[in-house]
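Data first, discussion second: the structure below is written as structure tokens.
The values are calculated or read from the model by the stated rules, or taken from the named source; none is laboratory data. What you see is a predicted model, and the numbers here were worked out from it, not measured in a lab. Please note: Cβ atoms are built from the backbone with ideal geometry, for glycine as well, and neighbour counts cover all protein chains shown.
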């Protein structure tokens, strides 16, 4: 089961290793990212970043969906990580058993017309439309950077997005 589907443009990093893996009591981290899966060096770095004893996979998005659709995945506690809203929406629409969706960290994309959704999430017009679909596509969508922070309802944040002052 996907305990949490997380959007974080950094993929696996310190907060995942030290905070989220423990808070969610997961046994598996699944990075769903076409570019990372196609780059052996990046895949190796992501695998090296993971906590000791943790099962870690770096798969293209469609293969990751296939992996979590296998009935054997229902018995696992999986943190699935993507680095963009398009992949997140595809997974929400096609993967079973997603307990929670966390739009956590997405600010580095360079484009014009961006809005601020939260302190750690920004969107250009294209991403904003996808974020609206994400907010509607699952009943438990929130933003929470680390487990000790309060969760914020993502649907409300998207509805109240403000232009980025540049």
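Worth a mention:
- Residue within the range 124-137 that is in contact with a strand residue (DSSP E or B) (Cβ under 6 Å, 6 or more places away or on another chain) and under 18 Å from residue 20 (Cβ atoms) present: no
- Test: residue in the range 40-54 that is under 21 Å from residue 131 (Cβ atoms) and either surrounded by fewer than 22 Cβ atoms within 10 Å (Cβ to Cβ) or within 17 Å of the chain's Cα centre (by Cα) (or both): no
- Single match in 95, 100, 73 (criterion: closer than 17 Å to residue 34 by Cβ and surrounded by 14 or more Cβ atoms within 10 Å (Cβ to Cβ)): 95
- Conditions (1) closer than 13 Å to residue 2 by Cα; (2) touching a helix residue (DSSP H, G or I) at 6+ places or on another chain (Cβ under 9 Å); (3) at pLDDT below 95: number failed by residue 102: (3)
- Identity of the residue in the range 87-111, assigned to a strand (DSSP E or B) and farther than 23 Å from residue 164 by Cα, that ends up nearest to the chain's Cα centre (by Cα): 101
- Residues in the range 139-166 that are within 14 Å of the chain's Cα centre (by Cα) and either loosely packed, with under 15 Cβ neighbours inside 10 Å or not in a strand (DSSP E or B) (or both): 140, 144, 145, 146, 154.
- There is at least one residue in the range 28-48 that is out of contact with any helix residue (DSSP H, G or I) (no Cβ under 8 Å at 6 or more places or on another chain) and under 23 Å from residue 140 (Cβ atoms).
- Search result, residues across the range 77-89 that are surrounded by fewer than 18 Cβ atoms within 10 Å (Cβ to Cβ) and over 19 Å from residue 120 (Cβ atoms): 77
- Residue count, the range 13-64 (criterion: farther than 18 Å from residue 102 by Cβ and either out of contact with any strand residue (DSSP E or B) (no Cβ under 7 Å at 6 or more places or on another chain) or assigned to a strand (DSSP E or B) (or both)): 22
- Which listed residue, of 10, 6, is part of a loop (DSSP other than H, G, I, E, B), closer than 28 Å to residue 132 by Cα and either free of Cβ contacts under 8 Å to residues at least 40 places away in the same chain or within 13 Å of the chain's Cα centre (by Cα) (or both): 10
- Count of the range 112-138 residues which are assigned to a loop (DSSP other than H, G, I, E, B), over 15 Å from the mean Cα position of the chain (by Cα) and on the phi < 0 side of the Ramachandran plot: 4
- Pairs where the first residue, in the range 84-101, is in contact (Cβ under 8 Å) with a residue 60 or more places away in the chain and on the phi > 0 side of the Ramachandran plot and the second is part of a helix (DSSP H, G or I) and surrounded by fewer than 17 Cβ atoms within 10 Å (Cβ to Cβ), C-beta under 8 Å, 6+ apart: 97/74
- Screening residue 49 with (1) modelled with pLDDT of 95 or more; (2) within 29 Å of residue 149 (Cα to Cα) gives one miss only, at (1).
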